[in-house]
Amino acid sequence: MQSPVFLDHLPDFEKIGGDKPARYRWQRNQSLLQLLLDSETIWTKRCACPACGEQSTNCKSFSKALLDFQRCTKCNSIFAQRVPTQEKLDQLRIEFIEDGPPEKDREFEFISLLNWVSITEARIERSLDHVVDIRFSSQMAGWKETTERLSHNRTWDFIDLSPDTCDFTDLSAALSQSSPKAVLLPVELDRVANPEMLLNAIKKSCPKQTVLFIASSCADGLEYEILGADSPSFVPLDRLTVFSISGLQSLCNKVGLSVLECSTPGRLDAVILDTHFKSEENSNIPFWSGFFKDADNNRLRDLQILLQRSLKSGILRFVAET
Amino acid sequence: MKLRTAIIGYGKMGKIRHKAMESHGGFDVVVACDTAIDPSATVPMVTRPSDVYDFAPDVVVCSVPNIFIPDLVCTALSHGKHVFCEKPPGRNSSDVQKMITAERAAGGSVLKFGFNHRVHDAIEEAQKLLSAGTMGDLYFMRGVYGKAGGPDYAKNWRNDPEQSGGGILIDQGIHMLDLFQMFAGNFCDIQSFVQRKFWTEVPVEDNAFALMKTPQGVVASLHSSATQWQHTFRLELYLRNGFISVDGILSASGSYGAEVLNIAINRLDSSGNPSPNPELQEIRFTQDLSWNKEVAEFYDAVVHGKPIKCGTSQQALDVMQLVEAIYQADPEWSQTLRTSATEVTG
Ligand SMILES: [Zn+2]
């Protein structure tokens, strides 16, 4: 298994610290609050870590704001103690996407995903000429258009976000019909009620040796290790399961997927922590406040690269095979 | 099936080959030969190469100074043995021609040369990207391969042209040239500067610079150096859609660092032109598997009749001809070579 590092420009803090992300967090938390107050919401309690299966009684409390979260003592994954139905989660996301302004300026991220597929295709020496995108096109306006413009040597099917059952009946049917060589799953794993069900559905509905491109938030990231639930990236409804590397590896093993590659290409840990430790109330934290006090972009970039090389950034990518 | 193996030349390289063969499991090293008996050797030793045939080997590994290579290889082939031979394949292209003639005469014997850089992980990955067409047409290549002379530089047989055929270019730079030819084919147009800068009393080059072009127009530049005080291996391939580079190469000394493959595919701006500094994918390799892969390929060729892909005699000939062409392309250096040849022959 290989662990590539994805080196690129660091994004500006505006992207994570501006009004738009704050508004996004507030709106998603409003949705969660309504869900919690709604007496008809059906919740499923998670008795074990959804990544490695460790009993949740052995796990530590991570946050009790709005929704209780735990951190697995065995694999370090973070997970909500209870989750609503998949159908309800999907409905909420659809409403949110319909109401909110479209995502913009994601071209670099889109190209990174396309290049990830192209480079992997060359390295595994197998054509991935037909790819199914799972729900990313619903989440990200402009993605479908980017594939049409830049991905010439493969065909794409797009499975839109729609209210599905807990075992992803509709998604499975669409996948079976499409018979892909590769599946792209960049924003689902941390958002669904049961990631194991999702991976199982994909595995059962795709031909053998289908290559899965998975991206998700990463609990091993320095951002989560230091800031925990205070991280601006920690929006509970979008982070029902935050996998650690070993946690996702365990789940892949359990489902019968072989992992070809893992990486943590996150680019935000350093800038997020920089902002946190430069604020007045965090200016006296041992080591870190001093580290960030005089940190310029070069130091932040060096730190981010070190985190990526050490598999300790807040986003993970896996390439796995059915 | 176990192949009875004789290793002629039981120094550093011979022992590396022995270890790789042991770990493969398909070889039984029955005898080793060197100028002196190594008391720590775990196999029977002899001091005359001809004595190894008393042990009825199936294959002969030839890890000796360049001057001895052609005769030992031709003898082994004439005995009907399969031969694995270190690079450089002798001292010049006529040495390789001799071995090719013996190989043809021997019929079914396998002859493989140890151009192990071809099977380093980062290089193999680069080759896959080229083969897949992901990166488009190859435009140019740049290679720097260098080290800081080495212990006993002036006394080392590698720097005695009588024994080695040349200096740093034929000894180390040859690997980079072999990779260039693997990626782009043979070169037709060659310019060079070949120099002695630090070891001016030693009759071989300590630096060689070459600029070469294939008939298809792929340009390659090489700097092979024995005054590269910071040990360096760097190979860059620039293509239509991006670039690939390999920084560092895993070696027995470890002094060239880990092997890092960098891959970048261009991002196009709204007018369709590549924007500078695209996202880079970096992959590190920390385990040198090249020795094992070479031995495995040799075994498969001998036992299963699979064709040799890495280190064929044709590749050996091509790269030796390129080395000679680089020496010849510098008028001052080729004059120096002619003068010393005249002095030797009287
Ligand atoms: Zn766990």
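Any idea how many residues of the range B:120-139 are surrounded by fewer than 19 Cβ atoms within 10 Å (Cβ to Cβ) and part of a strand (DSSP E or B)? Total satisfying the criteria: 1. Among the residues of the range B:276-298, is any among the basic types (Lys, Arg) and part of a loop (DSSP other than H, G, I, E, B)? Taking every residue of the range B:276-298 in turn, none turns out to be among the basic types (Lys, Arg) and part of a loop (DSSP other than H, G, I, E, B).
Any residue at all in the range B:287-299 that's within 14 Å of chain A (Cβ to nearest Cβ), surrounded by fewer than 21 Cβ atoms within 10 Å (Cβ to Cβ) and not aromatic (Phe, Trp, Tyr)? Within the range B:287-299 (the criterion being within 14 Å of chain A (Cβ to nearest Cβ), surrounded by fewer than 21 Cβ atoms within 10 Å (Cβ to Cβ) and not aromatic (Phe, Trp, Tyr)), the answer is yes, since at least one residue qualifies.
When the residues of the range B:247-282 are narrowed to those that are within 24 Å of residue B:293 (Cα to Cα) and among the aliphatic types (A, V, I, L, M), which ends up surrounded by the fewest Cβ atoms within 10 Å (Cβ to Cβ)? Break it down into steps so the answer makes sense when it comes.
Looking only at the range B:247-282, we keep the residues that are within 24 Å of residue B:293 (Cα to Cα), and these are B:247-263, B:282.
From what is left, the residues that are among the aliphatic types (A, V, I, L, M) are B:249-250, B:252, B:258, B:260-261, B:263.
Working: B:249: 27, B:250: 20, B:252: 11, B:258: 14, B:260: 18, B:261: 26, B:263: 26.
The extreme case among them is B:252.
Would you tally the residues in the range A:94-138 being within 24 Å of residue A:259 (Cβ to Cβ), out of contact with any strand residue (DSSP E or B) (no Cβ under 8 Å at 6 or more places or on another chain) and small (Gly, Ala, Ser)? Residues flagged as within 24 Å of residue A:259 (Cβ to Cβ), out of contact with any strand residue (DSSP E or B) (no Cβ under 8 Å at 6 or more places or on another chain) and small (Gly, Ala, Ser) within the range A:94-138 amount to 2. Within the range A:23-44, residues that are free of Cβ contacts under 8 Å to residues at least 60 places away in the same chain have Cβ atoms under 6 Å from residues that are surrounded by 13 or more Cβ atoms within 10 Å (Cβ to Cβ) and part of a helix (DSSP H, G or I) in these pairs: A:41/A:35, counting only partners at least 6 apart in sequence or on another chain.
In the range A:32-46, which residue that is out of contact with any Lys or Arg (no Cβ under 8 Å at 6 or more places or on another chain) and open to solvent by less than 80 Å² (accessible area, probe 1.4 Å) is nearest to the ligand (Cβ to nearest atom)? This residue is A:32.
Table: residues versus (1) open to solvent by 10 Å² or more (accessible area, probe 1.4 Å); (2) free of Cβ contacts under 8 Å to residues at least 60 places away in the same chain; (3) within 23 Å of residue B:181 (Cα to Cα).
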residue: B:52; (1), (2), (3): no, yes, no
residue: B:64; (1), (2), (3): yes, yes, no
residue: B:68; (1), (2), (3): yes, yes, no
residue: B:71; (1), (2), (3): yes, yes, no
residue: B:89; (1), (2), (3): no, no, yes
residue: B:104; (1), (2), (3): yes, yes, no
residue: B:118; (1), (2), (3): yes, no, yes
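Take the residues in the range B:259-286 that are of a type in the set (S, T, N, Q) and under 17 Å from residue B:243 (Cα atoms); name whichever of them is nearest to the other protein chains (Cβ to nearest Cβ).
At the first step, the residues of the range B:259-286 found to be of a type in the set (S, T, N, Q) are B:262, B:266, B:270-271, B:273, B:275, B:277, B:281, B:286.
Add one more test, that the residue is under 17 Å from residue B:243 (Cα atoms), and what stays is B:262, B:266, B:273, B:275, B:277, B:281.
Working: B:262: 8, B:266: 9, B:273: 14, B:275: 10, B:277: 7, B:281: 5 Å.
Applying the filter and picking the extreme gives B:281.
If you go through the range B:181-193 and keep only what is among the hydrophobic types (A, V, I, L, M, F, W, C) and open to solvent by 70 Å² or more (accessible area, probe 1.4 Å), you end up with B:188, B:193. Within the range B:300-321, the set of residues being of a type in the set (Gly, Ala, Ser) and either within 14 Å of chain A (Cβ to nearest Cβ) or under 26 Å from residue B:251 (Cα atoms) (or both) comprises B:301, B:311, B:313, B:316.
Out of A:229, A:219, I need the residue that is more than 16 Å from the ligand (Cβ to nearest atom), more than 14 Å from chain B (Cβ to nearest Cβ) and of a type outside the set (Val, Ile, Thr). Which one?
Answer to the check: A:229.
Among the strands (runs of 3 or more DSSP E) contained in the range A:32-74, which hold 1 or more residues that are at pLDDT 95 or above and touching a Phe, Trp or Tyr at 6+ places or on another chain (Cβ under 9 Å)? Give the steps one after another, and end with the answer.
On the way: elements: A:43-45, A:60-63, A:69-71.
Hits in the range A:32-74: A:69-71.
Of all the residues in the range A:161-184, those that are closer than 22 Å to residue A:258 by Cβ and among the hydroxyl-bearing types (Ser, Thr, Tyr) number 4.
Within the option set B:142, B:196, being farther than 28 Å from residue B:299 by Cα, open to solvent by 50 Å² or more (accessible area, probe 1.4 Å) and free of Cβ contacts under 8 Å to residues at least 40 places away in the same chain holds for one residue only, B:196. Scanning the range A:64-114 for residues that are under 23 Å from residue A:265 (Cα atoms) and within 16 Å of the ligand (Cβ to nearest atom) gives A:71, A:72, A:75, A:76, A:77, A:78, A:79.
Against the definition (within 14 Å of chain B (Cβ to nearest Cβ), away from the ligand (no atom under 16 Å from the Cβ) and in a loop (DSSP other than H, G, I, E, B)), how does residue A:286 come out, yes or no?
In short, no.
The values are calculated or read from the model by the stated rules, or taken from the named source; none is laboratory data. This is a predicted model, so every value here is computed, not measured. Methodologically, a virtual Cβ is constructed for each residue, glycine included, from the backbone with ideal geometry; neighbour enumeration extends over all protein chains shown. Surface accessibility is based on the protein's heavy atoms, side chains included, excluding ligands, DNA and RNA. Shrake-Rupley method; radii C 1.70, N 1.55, O 1.52, S 1.80 Å.
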